[in-house]
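Participant: Take a look at this one; I'll ask things after.
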């Protein structure tokens, strides 16, 4: 004889008292189930998701269903089904708890490092800021897509494909920039826990096209843009020419980065976080000396730095506009595989010009790469000891007289009797003084050399 299983549902208030059936809809409380199986009475809470008698009775039916079958085989099947349903419900509940609101993705899973194998590489502050900007702009796009998703797990491949198409049709991004944005968003979603199968950007294809380097400027073109520049733009161009630093690093250069004693600039590149160390070119030193000493605090270019913080592209556009006013073409035709007209010349052309002029003047590619910060980051002391001589050779190979107000260095005319003294046994001491002369102590070295020559001349005349 089959054993029967019966049950009922009821509702209790916060004090644990059972609520009459006629008051169940108006009185807050929790639902419970009670059923009897094999002579044993079982009571249990049905959970906060139960809000009325209909759902409570449906859940009770699911609880007692495995025990109401007439045969043991049927009871086993029902029990197995109940277990599987319970596991599915548990997985769904866990997935619900793990769902990440889109508004909290960056705060909880910021993309601040990359992982290659077992090695983690910290990203620079500018790259982290750009990564966050990419995500914020994507959220702005999602807010305009009906129905707007709320959780990261609600994103679909259609969202990724639509956003990619929007970037391509915007008319303001290069193919390389489009690819960078897509790869960044893909990495953020992966970092937040989305597997590649559910990542909305996994199937987005990259836009083909080889990157185009900025063309270096010829010496005549450099003369044009430098002579026509005024104000902070003039110093900005000088920094780009005589240091090879990138635009952001030049604009945000501080007086503390300039060592006036050793005549050297130390600047950590914001893009690569590598230390760039280079000697001061005499023309650049003279331009910097135009700023009164009492004003040499904080930023070297405060006006352009403030503009750069508010709107980075505006400073690059300012340089491009200046180039065009000087008769230089800054863009070329649209090449296959690109979205926009090829940008031929810009501030980055100054960096290319430094490398080209230095190599033509005899500097090696390794020396140029070291000065421009293309090598691994090293300590300041080690760099000065091992690579400063190479950097000086690069700087010395750059032309002088590009800026109208900076006069070319004059040569010292020596009398005949002094030239005769230079062939004596004291020439070694004088040569050492001249070789050690730098852009910062040239006056002292000059006076010392002249004093030596004056002393020797007197001695020669006395004889």
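The values are calculated or read from the model by the stated rules, or taken from the named source; none is laboratory data. What you see is a predicted model; the values in this text were computed from it and never measured. Cβ atoms come from the backbone with ideal geometry, glycine included; neighbour counts cover every protein chain shown.
Participant: Filter region 136-186 for residues that are touching a strand residue (DSSP E or B) at 6+ places or on another chain (Cβ under 9 Å) and buried (at least 16 other Cβ atoms within 10 Å of the Cβ) and give the result.
Facilitator: The answer is 152, 174.
Participant: Search region 114-131 for residues being in contact with a helix residue (DSSP H, G or I) (Cβ under 9 Å, 6 or more places away or on another chain) and either under 19 Å from residue 199 (Cβ atoms) or outside the structural domain of residue 185 (by TED's automatic domain parsing) (or both), and hand back the single one that is modelled with the highest pLDDT.
Facilitator: 131
Participant: Let me ask another. Hey, any hits in region 207-229 for a residue that's surrounded by fewer than 16 Cβ atoms within 10 Å (Cβ to Cβ) and touching a helix residue (DSSP H, G or I) at 6+ places or on another chain (Cβ under 6 Å)?
Facilitator: yes
Residue-by-condition table, conditions (1) within 22 Å of the chain's Cα centre (by Cα); (2) not assigned by TED's automatic domain parsing to the domain that holds residue 295:
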position	(1), (2)
197	no, yes
207	yes, yes
223	no, no
232	no, no
250	yes, no
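Participant: Which condition number does residue 276 fail, the rest of (1) farther than 18 Å from residue 312 by Cβ; (2) in contact with a helix residue (DSSP H, G or I) (Cβ under 6 Å, 6 or more places away or on another chain); (3) surrounded by 24 or more Cβ atoms within 10 Å (Cβ to Cβ) being met?
Facilitator: Checking residue 276 against (1) farther than 18 Å from residue 312 by Cβ; (2) in contact with a helix residue (DSSP H, G or I) (Cβ under 6 Å, 6 or more places away or on another chain); (3) surrounded by 24 or more Cβ atoms within 10 Å (Cβ to Cβ), the one that fails is (2).
Yes/no per residue for (1) under 17 Å from residue 183 (Cβ atoms); (2) in the same structural domain as residue 269 (by TED's automatic domain parsing); (3) without any contact (Cβ under 8 Å) to a residue 24 or more places away in the chain; (4) in contact with a helix residue (DSSP H, G or I) (Cβ under 9 Å, 6 or more places away or on another chain):
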{"site": "135", "(1), (2), (3), (4)": "yes, no, no, yes"}
{"site": "140", "(1), (2), (3), (4)": "no, no, yes, no"}
{"site": "148", "(1), (2), (3), (4)": "no, no, yes, yes"}
{"site": "162", "(1), (2), (3), (4)": "no, no, yes, yes"}
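Participant: Can you pull out the residues in region 304-332 that are touching a residue at least 60 places away in the same chain (Cβ under 8 Å) and either surrounded by 13 or more Cβ atoms within 10 Å (Cβ to Cβ) or within 19 Å of residue 261 (Cβ to Cβ) (or both)?
Facilitator: 304, 308, 312, 315, 316, 318, 319, 322, 323, 326, 328, listed by residue number.
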